1. How big is the charge dipole of segment 42-125 about its Cα centre, in debye rounded to the nearest 20, if each Lys and Arg gets +1 on its Cβ and each Asp and Glu gets -1 on its Cβ?
2. Which whole-number percent gives the relative contact order of segment 171-309, counting Cα pairs below 8 Å spaced six or more residues apart?
3. Tell me the Kirkwood hydrodynamic radius of segment 39-164 in angstroms, computed as one over the mean inverse distance between distinct C-alpha pairs.
4. Helix-derived [θ] at 222 nm for the chain: sum -39500 (n - 2.57) over DSSP H runs of at least 4, divide by residue count, nearest 500?
5. Given the convex hull over the Cα atoms of segment 17-87, what projected area results after averaging over all orientations, in nm²?
6. Given springs between every Cα pair under 10 Å in a Gaussian network model of the chain, which of SER178, SER126, SER16 has the largest fluctuation?
7. When 1/r is averaged over all different Cα pairs and the result inverted, which Kirkwood radius in Å belongs to segment 86-221?
8. Carbon and sulfur together cover what percent of the accessible area of the chain at a 1.4 Å probe radius?
Amino acid sequence: MDFGNIFGNTASYLFSPTTIAYALAATGLAVHFGYGGLLNFGMAAFMAVGGYGYAISILSFGFPWWAGVLAGVLAGALFALVLGIPTLRLRADYLAIATIATAEVVRLLFLTELFREWTNSAGGLSGYHQSFRDMNPFPPGIYGFGPWTYNENDLWVRVFGVLVLALSVLLVWALMRSPWGRVLKGIREDEDAVRSLGKNVFAYKMQALVVGGVIGALGGVVFVLPSAVIPGSYSTSLTFFLWTILLLGGAATVFGPTLGAVLFWVVFAFLGGLLPEMARVGWLPMTTNQADVVRYIVIGIVLMLIVIFRPQGILGNKREMTFVK
């Protein structure tokens, strides 16, 4: 087996745009669930809205890249408002059903022929990179070493993504230590008690949904920066990957989603390289395609074990864990 290639591919995910994008989306999910107690199973829709908002604003309306980012952010905020008005008064389990259904509706809307002029239907969107690359501060060349070797465009995407992630983490850290954050955590624990103190629980939930949705939309923007907007990327598996990342790192933590994203993608990439190789050399009684599917089974088992034995995550405090009633 080619362990050099396996470990090299695994190491590349430590600093990949995919890892950064998932860390951003999981940070938004932490605002929703970890701090606000909102059982949102529709984060894939926020990423889709952010990614499509960015690409469509550039391709169809000629926006520069920075205005495209703002368009993606505003689309995420608007989607949070549209989603939250009819759903935030629902009980947690019904909210989960409503959000996962909404995410599927959004994905299918981007696939429909009705909006093909803007979304290109199943073909996705590409060719919107030039204005972003024109702002690249790095001169042409090769940077880094080993599995972390990038050209100037790849490096610019990663640096931009890390900067956005750092600012988002700083924002969440500041918000959760403010009076607003303390009220939000109080709502997570007992919203009736907070309501009895005269606080508008619905307004706080809506604000949390918007803040987390904007961060999720930024994750969607970073997700599409390196290549293209592919509608198949926004399936329900994306949402469950984000939940695994959140619970792995710690739901009610600031840095947990970032740690969870790194660990998740490193393990996922390692299994994606190791298991097919084991099947190829005859160590596993299955084909390479079947072996590749096994990693999804492993991720599912890991998620169950986390929920059972370490629900607060690696960085989490058990007293901070949300219990959905």
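1. Rounded to the nearest 20 debye, it is 160 debye.
2. Across segment 171-309, relative contact order equals 13 percent.
3. Taking the inverse mean of 1/r over all distinct Cα pairs, segment 39-164 comes out at 16.5 Å.
4. So the calculated ellipticity at 222 nm is -22500 deg cm²/dmol.
5. One quarter of the hull surface, i.e. the mean projection, equals 5.2 nm².
6. Evaluated over the chain, the most mobile residue of the options is SER178.
7. Answer for segment 86-221: a Kirkwood hydrodynamic radius of 18.9 Å.
8. C and S fraction of accessible area: 68 percent.
The values are calculated or read from the model by the stated rules, or taken from the named source; none is laboratory data. Computed from a prediction, not measured in an experiment: that's the story for all the values here. Every residue, glycine among them, receives a Cβ derived from its backbone with ideal geometry; neighbour counts consider all protein chains shown. Accessible surface is based on the protein model in full, side chains and every heavy atom, while ligands, DNA and RNA are left aside. Shrake-Rupley method; radii C 1.70, N 1.55, O 1.52, S 1.80 Å.
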